[in-house]
Amino acid sequence: MRALVVGNRGDADPGLVGSRLSELGFSLEENQREYPREWKSLAGMDLLVLLGSEWSVYWEANAKEVAAEADLVRSAAARGVPVFAICFGAQLVSHAFGGTVSRSPTPEIGWHAVSSVEYPELLAHTWLQWHYDVFSVPNGFRAIATNDIGPQAMIGNRVLATQFHPEANLGIITRWITGAGISELHKIGMDPRRLLEISTDHLSKSSPVTLRLVDWFLDWSSTESSN
């Protein structure tokens, strides 16, 4: 089985999601967002994984790359290839299928609670967030998790899209709180070292849920394909 992972150059780590997919027998291949002309095609792929990004879907500077990724997502839907989309990936899914993406009045950075009536055991937890935008749920999809900021997960067309970061592990968080991430955290009054400290405890709770979420998605998307 083959999974195609789309992420930015230097930040295309699928973390816990990728680890679970590997355990289940998937080989992981990579497309870098910056170079759509060099992308592998979906031919022979069993899964498409869209990771987060420092980009926003509506930035003019990245319009061509965003359009290419949106085409890739629509092509996956047309082929019946399941899509697991995270943060920017979720926003891109919304954009690709006619939804909207806009600046959120309140950024979510750090660990934030998410609620879910439909799938509480899988989604109603405290998850790592790092985003400034909010997406709407397009036609053909339905929200399955929310909080006060907006939709936090949606499903449709064999797609699971999460605003939060189920893939986050300690290595990913350590990388994000260095470099440009330091100034982002300081702007909202958050100590990077403190975020790293509390992440250890949160990950002990969220990591097992991520594994179950991946398993559930693969089972659900397989069932969806037969309907």
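The values are calculated or read from the model by the stated rules, or taken from the named source; none is laboratory data. As the structure is a computational prediction, the values presented were derived from the model and not from experiment. Neighbour counts run over all protein chains shown; Cβ positions are idealised from the backbone, glycine included. Ligands, DNA and RNA are excluded from the accessible area calculation, which covers all protein heavy atoms including side chains. Shrake-Rupley method; radii C 1.70, N 1.55, O 1.52, S 1.80 Å.
What to note about this one:
- ³J(HN,Hα), Karplus 6.51/-1.76/1.60, whole Hz, each residue of the stretch 201-214, x for Gly, Pro: 5, 5, 5, 4, 8, 7, 4, x, 5, 4, 4, 5, 5, 4
- Within a straight-line Cα-Cα reach of under 20 Å, LYS40 can be paired with the following aspartates and glutamates, leaving aside sequence neighbours fewer than 8 residues apart in one chain: ASP11, ASP13, GLU29, GLU30, GLU65, GLU69, ASP71.
- Along principal axes, Cα extents of the stretch 1-118, largest first, whole Å: 41, 33, 29
- The share of accessible area on the chain that comes from carbon and sulfur is 52 percent, using a 1.4 angstrom probe.
- Computed [θ] at 222 nm, deg cm²/dmol, the chain (DSSP H ≥ 4; -39,500 (n - 2.57); rounded to nearest 500): -12000 deg cm²/dmol
- If you bin all the Cα-Cα distances of the stretch 130-227 at 10 Å, starting from zero, the percentages per bin are 13, 36, 34, 15, 3.
- In sequence order, the stretch 107-119 has phi-based couplings of x, 10, 9, x, 9, 10, 6, 10, 10, 8, 7, 6, 9 Hz under the Karplus curve 6.51 cos²θ - 1.76 cosθ + 1.60, θ = phi - 60°, and Gly or Pro positions carry x.
- Hz values of 3J(HN,Hα) by residue in the stretch 59-70 - Karplus curve (6.51, -1.76, 1.60), Gly and Pro given as x: 5, 5, 5, 10, 4, 5, 5, 5, 4, 5, 6, 4
- Distance between the 7 Å Cα→Cβ label points at GLU224 and HIS186: 4.2 nm.
- Principal axes of the stretch 180-221: Cα extent on each, largest first, Å: 41, 20, 13
- For the stretch 1-40, alpha-carbon Rg relative to the globular expectation (2.2 N^0.38 Å, N residues): 1.17
- Note on the stretch 24-149: antiparallel DSSP beta bridges, both residues inside, total approximately 75 percent of the bridges counted.
- Length available on full extension from ILE198 to SER27: 0.36 nm per residue minus the Cα-Cα distance, which gives 58.4 nm.
- With contacts taken as Cα pairs under 8 Å and at least 6 residues apart, the chain reaches a relative contact order of 18 percent.
- The stretch 133-172 and the stretch 196-211 have Cα centres spaced 19 Å apart.
- Rg then Dmax, both in Å and based on the Cα atoms of the stretch 49-89: 10.6, 31.
- Rounded to the nearest 20 debye, the dipole size of the stretch 90-227 about its Cα centre is 240 debye, using +1 on the Cβ of Lys and Arg and -1 on the Cβ of Asp and Glu.
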